[in-house]
Amino acid sequence: MIGKISRKFFEDNIINRIGAVRKDVAVPPRNGVDVGIIAINGSYMAVTTDPLYIDRSFGFKKAAWFAFHILASDLFTSGIKASYMSIDLNLPQEITDEQFNEIWNVIHGECEKYGIEVVTGHTARYAGVSFPMVGGVTLMGVGDRYITTENASPGDVIIMARSCGLEASIILAYTFPEYIKESLGSNTLNAIKDKFYTMTCVPEELMAIDYGIGERITSMHDATEGGLLNSVYEIGYASGNGVMVNYNSIIIDSDIAAVCSLFNINPLRSISEGTLLLTVKREYGNEFTEMLKKSGINASIIGEVTDKTGGMKLIKDGKESVINPEDDQLWGAVSGGVKRGLK
């Protein structure tokens with residue numbers, strides 16, 4: 001497979017070999033959980049790590065913004081705001097000082113905006129390094145409480161914010177703009193490209209933190225690798241529960257649906273940074289959904305967390321199907337497009 005390793009590979013090859021097991025690690029590496037949690041003197045440190053992903057087709061400024069928000073969107077799912085960054089920059093030899101500064105100025109600006117300080121790192125140019133993976137970043141924050149997908153409970157409603165297939169459609173639009181323009185028209189291409197700065201969950205996560213984590217918002221999870229359905233599955237798996245999702249309530253923007261259809265991929269099974277899933281105590285579900293909408297973020301209650309015996313189910317046209325984890329469909333579409341010589 002291309003992209004993130006499978007749940008089975010993780011469980012067979014990694015999870016039982018994570019070094020010394022410490023009592024102060026409250027949340028170690030787990031499938032479907034975006035962060036690790038360390039208990040420190042009555043407080044909790046949330047930690048997450050990702051590659052520094054710089055896609056040159058976006059342009060360096062947009063790519064750097066996206067790289068930051070991939071990481072921040074994970075960290076904030078803990079209900080803890082980010083405070084510290086450790087960054088390793090393994091740069092290609094051909095990158096110029098001007099290009100580096102385009103990247104670094106954006107990272108500095110976003111860190112400053114959200115109250116984050118870079119506390120350590122490493123920067124170098126190396127032979128054999130190529131875009132888009134040019135290093136790694138760790139983000140940390142400290143708070144007095146936290147949530148993870150393990151905290152979702154039967155009876156909680158599941159809210160999605162923004163359309164599924166968001167990141168996949170944007171990557172395709174920047175990778176194959178001529179093909180999309182010729183096939184779907186310039187209006188669709190421009191509409192997709194205009195969504196670029198919605199590929200973040202941080203605004204919704206900050207709203208959730210202010211609204212109340214634990215007693216109101218029980219978990220948050222961004223719909224990345226494998227798309228919406230993989231992320232719904234991970235909520236059920238991590239919490240030890242079932243899920244029931246109503247297909248007709250899922251948000252799929254028409255322009256995103258058109259691009260995904262053009263490349264024969266399912267928007268529900270394609271990477272979607274910027275799409276946030278939240279589990280919310282039932283009595284607060286409608287209120288928080290309306291809060292998101294009033295802030296300009298489209299949102300919908302798409303289902304609920306159920307007892308484990310209910311399994312992972314998707315209801316479409318009155319028929320139930322089982323939700324299973326699957327490989328993300330975007331990467332095959334991208335490699336296929338490249339082989340076809342699409343521009």
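The values are calculated or read from the model by the stated rules, or taken from the named source; none is laboratory data. Being a predicted model, the structure only gives us computed values, none of them experimental. Quick reminder, even Gly has a Cβ in these numbers, built from the backbone with ideal geometry, and neighbours come from all protein chains shown.
Answer with yes or no whether Leu268 is in a helix (DSSP H, G or I) and over 22 Å from Gly242 (Cα atoms). Against the criterion (in a helix (DSSP H, G or I) and over 22 Å from Gly242 (Cα atoms)), Leu268 does not qualify. In this structure, Ala46 does satisfy being modelled with pLDDT of 95 or more and either within 24 Å of Ser231 (Cα to Cα) or in a helix (DSSP H, G or I) (or both). Comparison of Val334, Val322 shows that the only residue that is in the same structural domain as Ser270 (by TED's automatic domain parsing) and surrounded by 18 or more Cβ atoms within 10 Å (Cβ to Cβ) is Val334. Only one entry in Gly42, Gly32, Gly59, Gly3 is more than 28 Å from Ala161 (Cβ to Cβ) and not charged (D, E, K, R), namely Gly42. Residues considered: Phe68, Phe100, Phe131, Phe76. Of these, the only one that is surrounded by fewer than 19 Cβ atoms within 10 Å (Cβ to Cβ) and either touching an Asp or Glu at 6+ places or on another chain (Cβ under 6 Å) or touching a residue at least 60 places away in the same chain (Cβ under 8 Å) (or both) is Phe131.
Scanning the range 271-297 for residues that are on the phi < 0 side of the Ramachandran plot and either assigned by TED's automatic domain parsing to the domain that holds Leu75 or out of contact with any strand residue (DSSP E or B) (no Cβ under 7 Å at 6 or more places or on another chain) (or both) returns Ile271, Ser272, Glu283, Tyr284, Asn286, Glu287, Glu290, Met291, Lys294, Ser295. Go through Gly226, Gly236, Gly242 for me and flag whichever is out of contact with any strand residue (DSSP E or B) (no Cβ under 7 Å at 6 or more places or on another chain) and touching a residue at least 24 places away in the same chain (Cβ under 8 Å). That would be Gly226, the only listed residue that is out of contact with any strand residue (DSSP E or B) (no Cβ under 7 Å at 6 or more places or on another chain) and touching a residue at least 24 places away in the same chain (Cβ under 8 Å). In this structure, Ser43 does not satisfy being within 20 Å of the chain's Cα centre (by Cα) and either among the acidic types (Asp, Glu) or outside the structural domain of Ser272 (by TED's automatic domain parsing) (or both).
In the condition set (1) of a type outside the set (D, E, K, R); (2) exposed (fewer than 14 other Cβ atoms within 10 Å of the Cβ); (3) in contact with a Ser or Thr (Cβ under 7 Å, 6 or more places away or on another chain), Asn286 is compliant with all but (3).
Is it true that some residue in the range 120-127 is hydroxyl-bearing (Ser, Thr, Tyr), in contact with a strand residue (DSSP E or B) (Cβ under 9 Å, 6 or more places away or on another chain), within 19 Å of Tyr53 (Cβ to Cβ) and touching a residue at least 12 places away in the same chain (Cβ under 8 Å)?
yes
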